[in-house]
Amino acid sequence: MYKTLLNFFERKYCVVFSYFPQARKLFDDSLNNFLQNFPLDTSHNTLLKNKFTLFPIVNGWISSHKIRLSKGLPPDLSDFTYIDFISFFHPNRKVRLASDKLRRKLDLNVTSICNYKCEYCYQKSRDDWKIRATRAKETELSILDLKKIIFESSLLGAKYIKITGGEPLTKEGLFDLIEYAINIRSLKEVELLSNGSILALKLNKLRKSIKGNEKKFHLHLSIDGISKEEKNNKTSISHLNNIKKIISSLPDIKISVNSMWSGSISYSQLKKLYFIMYKYKVFRWTISFPYLVKTLIAAVKVNPNYTPKFKTVVQLSEKLIKLHSQMKKPFRISIPLIYKHEFDDSLAEIASDGFEDHPCVPCHGSYFIIGSKGEILECLLAPPGTKTNTKTSNLLESLIESTDSPFYNLNKSDVSKNCKGCRYEMMCCGQCVNDKSYNFSYIFNKENDFGKDKTACSLLTLSERYIWPKLGHKERRKIFARINKKGFKPNVYNNISDMLSDKENGKKNNI
C-alpha cells in the first residue's frame, strides 16, 4: 500500500516538491501518519497493493470521518491537493490547523489604508493607522510580491483567494492583481472585499480584469444603513447610491453584502435595504454585531447609543426574518447569534464547532491571513503572534514558522471554561476570544483567563425568547437540538455600554 500511494502522490505533487524545499518532509510525515492510523489488517494486503482497489477502500475510510464533511474535503483521495493532504493527515495539530486555514482561503490584506473611518474597523484598531498610512508605499507588499504569494498558494492547492485591506482599491495596480489571480485555472474563486466608494468609479476596469471569468469572481460590499446626512461613511445616501450602481452594473457575478448594526438603524431602513438585495439578486446579506475592538469601545464610552440595544437588534431581526419567510427566502441571510441561512442548509455550520477543537474556526481565525507588510496574522482581530514574514520566506515556509504562535495552542475548552453548563454552549462554543477579553492587544494563550462573550449571551437569550419559537419546524428542530435545556441561562445586558460596566439587565433574564 505504501509504494502504491507513494508512487501516485510523487507524480501528483512533483511540482510542489520541486518548488518548496519543505514540502517533501511534510508529505512524508503525513503519509506515514496516515498509514499508522489506517484500520485494516494484513488480510487486505492484496487489495491494498492495487491502486484500482486501494483508492475505493481509502476513500471509504476517509468518508467515515465526520470531520471530513465539516472541512469540506473532496470525497476522493485522488482529488486531494497537497494542502488538503497535509491538513488532514499531518501528525502535528498545529501544522494541520495552519494548513487547513490556507486550504479554506488565503486572506490577502493588500493595504492598511482606507478612505473611510469606521469605528468598528479591526484594521484601524489593530494598527497604528497614521504611521502605516504615511509609510505605506515604503513598507507594504508590492503587486509583484502579492502575485508571488497567490502563485505559491495556488501551487500548494489553495482554491480561494480573498483580496481585502483597508480599502484594496487604494492600492495602485489592484486590477492587475485581480486579473492575474482570476486567470489561474486552479483557483475556484477570487473575492474582492471593498466598501464600494472607489469601485463605483472604476467599474470598467473591473469588468476588463475579470472578463471571461465572471463566475469565478466574488464581490463583497458593505453598507450599514441609510442616513440623510451626507458624509463619508457606510450609512450615507451617497454610499447607498454607490452600492446600487455597482450591483446593478454587475449582474453576472456573485455579490455578497455585509452590514453592521448601527445605532441609527430602523426597520424601514432594513426593509429598504432588503428589497435592494432582492431586486439585484445578491447572493448573501450578512448583518453582524460589531466586534469589541478598541476604537469601538472608545466610541461607545462617548456615545452609549453608538450601537443599538441588544433587544432592539433582536426585535428588528424578528421583523426582517418574517419578511424573508414571506418572500420565500430569495437569497441567503445570516444574522450571527440570531439567525443564519444554515438553518435551511447544513446543521454542521450553525455553530463554531471548529476543526481540531480550535475556538476560532470557523471565524476570523479560519483563513490564512497575510497582512499588508507580509506579516502572518492568526486572526484579523489581533496583532501578529510571530515575526514570520512572507518577504523573507516562501509561503509554505511562512506557514510552518507561523505555527510557533500561541494561537495554535488554544483549545475550545480553554476559551469556554467559564461557559461550561450554559444553555447555549453547543451553539455558541464560547464565541470570540477578543469579545471575551475586551482587550485588543491580548496574546493568544492557554493561561489567559477568558470571561464570557456577553454580546453572545445577550443576543442568544433574546433570540430564543423572541425569534426561534416563531420559525418553521425544520429550523426550530435544528436550533433546539443544540440547546442544553437544563443548562444555566446567561446574563442579559441592555447594550455594549452596560456590558462593559457589567450592569446586567437581570429582570429581563427569564426565557
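How much length is gained if the chain between Asn303 and Ser268 is pulled fully straight, taking 0.36 nm per residue apart and subtracting their Cα-Cα distance, in nm to one decimal?
Numbers: separation 35, 0.36 × 35 = 12.60 nm, distance 2.33 nm.
Computed gain between Asn303 and Ser268 is 10.3 nm.
Packing here is the average count of other Cβ atoms within 10 Å per residue, and on that basis the peptides 87-95, 482-490, 414-422, highest first, run 87-95, 414-422, 482-490. For each pair in Lys101/Lys171; Lys294/Lys452; Lys159/Lys412; Lys25/Lys216, compute the distance between the two Cα atoms and list the pairs where it is over 23 Å. As for pairs spanning more than 23 Å Cα to Cα, those are Lys101/Lys171; Lys159/Lys412; Lys25/Lys216. Each label point was placed 7 Å from the Cα along the Cα-to-Cβ direction; for Asn115 and Ser288 their separation is 2.3 nm.
Rounded to the nearest 0.05, what FRET efficiency do Asn37 and Arg185 have when you use their Cβ-Cβ distance and R0 = 45 Å? Intermediate results must be reported in sequence, preceding the final value.
On the way: r = 34 Å, r/R0 = 0.75.
Rounded to the nearest 0.05, the efficiency is 0.85.
Counting other Cβ atoms within 10 Å, keep those with at most 16, restrict to DSSP loop, and tell me which GluC sites (Glu not before Pro) in the range 163-229 are left. Write down the numbers at each step before the final one.
Details: sites: Glu172, Glu179, Glu189, Glu191, Glu214, Glu229; in loops: Glu172, Glu229.
Filter output for the range 163-229: Glu172, Glu229.
Modelled this way, with points 7 Å down the Cα-to-C-beta line, the labels at Phe17 and Ser78 are 2.0 nm from one another. Taken as Cα centroids, the range 147-176 and the range 264-285 sit 29 Å apart, rounded to the nearest whole angstrom.
Taking amide H as placed 1.01 Å from N in the peptide plane, Glu191 has its amide H under 5 Å from the amide H of Ile161, Lys162, Ile163, His218, each at least 5 places away in sequence or on another chain.
If you plug the beta carbon distance of Lys148 and Lys387 into 1/(1 + (r/R0)^6) with R0 = 30 Å, you get a FRET efficiency near 0.95. Take the Cα of Ser238, step 7 Å toward its Cβ, do the same at Lys420, and the gap between the two points is 5.5 nm.
Were the residues from Ile198 through Ser63 laid out at 0.36 nm apart, the gain over their Cα-Cα distance would be 44.0 nm.
Label reach from Lys51 (point 7 Å along Cα→C-beta): in the range 71-99, amide nitrogens under 15 Å belong to 77-80.
Rule-based calculations on the coordinates, nothing more; no lab input. These numbers were taken from a predicted model, which means no experiment stands behind them. We place every Cβ from the backbone using ideal geometry, glycine too, and count neighbours over all the protein chains shown.
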